[in-house]
1. Are there chymotrypsin sites (Phe, Trp or Tyr not before Pro) in the stretch B:86-151 that DSSP marks as loop and that have at most 15 other Cβ atoms within 10 Å, and which are they?
2. Pick out which of C:Ala96, C:Ala62, C:Ala81 has the largest mean-square fluctuation in a Gaussian network model of chain C, springs linking Cα atoms closer than 10 Å.
3. Could you run the Karplus curve 6.51 cos²θ - 1.76 cosθ + 1.60 with θ = phi - 60° over the stretch A:101-107 and give me ³J(HN,Hα) per residue in whole Hz, x for Gly and Pro?
4. Where in the stretch B:30-69 is the amide nitrogen less than 12 Å from a point lying 7 Å along the Cα-to-Cβ axis of C:Phe106?
5. Which of C:Gly76, C:Gly92, C:Gly37 ends up with the largest GNM mean-square fluctuation for chain C, with Cα atoms connected below 10 Å?
6. Test of understanding: express the Cα radius of gyration of the stretch A:1-87 as a ratio to 2.2 N^0.38 Å, with N the residue count.
7. Can you list the residues of the stretch A:176-201 with backbone N under 14 Å from a point 7 Å past the Cα of B:Glu14, pointing along Cα to Cβ?
8. Rg(Cα) of the stretch B:44-151 divided by 2.2 N^0.38 Å?
Amino acid sequence: MRGSTFGIDGVFVENTASVVGPKESEGPLGKYFDKTVKDDLLGQKSHELAEIRFHISAIRYLLNKTSHTENDVDLCISGDLLDEITGASLTLREFDIPFMGAYNACATFAESVITASVFISSGKFSRIISSTSSHFSTAERQYRFPLELGNQRTPLSQWTVTAAGAVMLSDVPSKVAVKRATLGKVIDLGVTDANDMGACMAPAAADTIFRHFAESGLSPDYYDLIATGDLGVAGSELMKLLIKKRGLELGLNYNDCGAMIFNRVSQDVGQGGSGAACSSSVFSGYIYKKMLSGALKRVLLVPTGALCSKTSTLQGESIPGIAHAVAFEVNE
Amino acid sequence: MNAPDKEYLALIRERMPKSRHFATMFRAFWTGGLICCIGEALTLFYSEVAKVSVEDDVSSLTTITLILITAILTGFGIYDKIGAYAGAGSIVPITGFANSVVSSAIEHKREGVVLGLCSNMFQVAGPVIVFGISSSILVGIIVLIFKGAFI
Amino acid sequence: MIWMDFLKTFLIGGAFCLIGQILINNTKITSARILVGFLLAGVLLETVGVYKYIREFGNSGATVPIIGFGSALARGAIEGALQNGILGAVSGGIEAAAPGIAAVIFIAFVVGLVATPKTK
């Protein structure tokens, strides 16, 4: 392998945890999530605090599931979409675990898993949690408009997933292993429409996926599932078109976490789900369980992020995208 | 910053789904017309039933009533659902202006009454007040200069 | 004849909203810009003397949309300037708009204190 694709040895997914809100639990993947809540405010005084509760409860649930104490975990690499990632920072206030914050917008989950995997394979760490959270109501206010404003959502808009997903990576062999990764580049083709996140991120996803196969020498049908993070339905089509132009065709094993998590027809979510927890909750809930049951053996997860802030879009900056690819495989 | 990739932007325009023009325009038309008719009914009520004689007072009372109705609907989380259906039909009437002020006030109350609710009340609608008052003063000055044309 | 008034109100008010929707669909501009655009159009049309005909025909259809708010501001400024000179030119617009602005501030303050934002 060459370029920014590299193999990872001796890193395993010990377990995962996912906590999702009401709308996500009504979606097609609802039954795969560990915990679903009926009230997305969780009895807190603000949606920001609710998002933190989601994140805390995912990590706590993960610790319970694996019967580890906080002392067994060497590091938490976490992120979210709130200002200065206060979601993750304030979450880790509750735990006696070292913390490193990560931010790559909605691609944060991949950044965190790749960093954790490299740390573990260095031999200096043996158990790291990587987690992300997002919340519809905090993202709406952060990037768009007040909740009660009578605005029409454009057909291109996406619905931020209210959830938290956490995975425990460790050097103790278990069924699912992290095998390889491709680091993404910031790619900007000049899209300025903040409502069209799919189009902002599609070029970055196409570039990362193309380089992953070119640099690893694998072909797309090597994987049972290639899942981008949150391109949405239209964004996924755009991405497939871009990658086809470079001579690579993605088949039926391609899907998008944002398109999988909601039922687009009945749930009125525009092009599908988005948010930092979109890929982490779909991986923790659905993909990991399908890998444990043997239904999926090799999965390439490509979380995608749109790199913008309210200020940068107001100042007329175009919105670049980023995507990192991580390959998970079931140990034979 | 990279130069925009014209080929890609053209691809987006060609491939990405568009707004359903006819349906959204029809909804905006009838809902907007209906809101104005509610205003007309209020005007009739204040002038004919409540016997308010000054025309300007009638229109002020109508405006205030519409603002009050909007504020209540916004507070109960109903106006955003109307807006999702109506689009411009519920933005262009004065009720849309009231909704943008009330929704911003509600959204930011958790950062405190003074620095949250009050400072952010005109987050969306502030430009309307600024442009409205500034342009009216400009008009006033123009009238002073060209007085003859306006008498 | 009342029904004719309502029909005219419906048509004029609906037409303004239709124009707004066409702008939203084709330019992706936000609601704040729509409101400002209509407001300035109202100020302009009132100043050149056109809006009074629209108002006579459209009744509330011409006064309820934000464009009518713009015309009321301009009308206030014109009357103020003619009656009170420079002071009237400065304060006439906001005087005409005062009931609406005052009501919106007070009502938003009260509702803001009472209501909480809900996820859609």
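The values are calculated or read from the model by the stated rules, or taken from the named source; none is laboratory data. None of these values were measured; they are calculated from a predicted model. Because the Cβ atoms are built from the backbone with ideal geometry, glycine has one as well, and the counts that use them run over all protein chains shown. Note: accessible area is taken over every heavy atom of the protein model, side chains too, but ligands, DNA and RNA are not part of it. Shrake-Rupley method; radii C 1.70, N 1.55, O 1.52, S 1.80 Å.
1. B:Phe146
2. Sorting by GNM fluctuation, first place goes to C:Ala81.
3. x, 10, 9, 9, 6, 7, 8
4. B:64-65, B:68
5. C:Gly37
6. In units of the globular-protein estimate, the stretch A:1-87 measures up at 1.34.
7. Within reach of a label on B:Glu14, which here means backbone N under 14 Å from a point 7 Å along Cα→Cβ, the stretch A:176-201 contributes nothing.
8. Ratio of Rg to 2.2 N^0.38 Å for the stretch B:44-151: 1.36.
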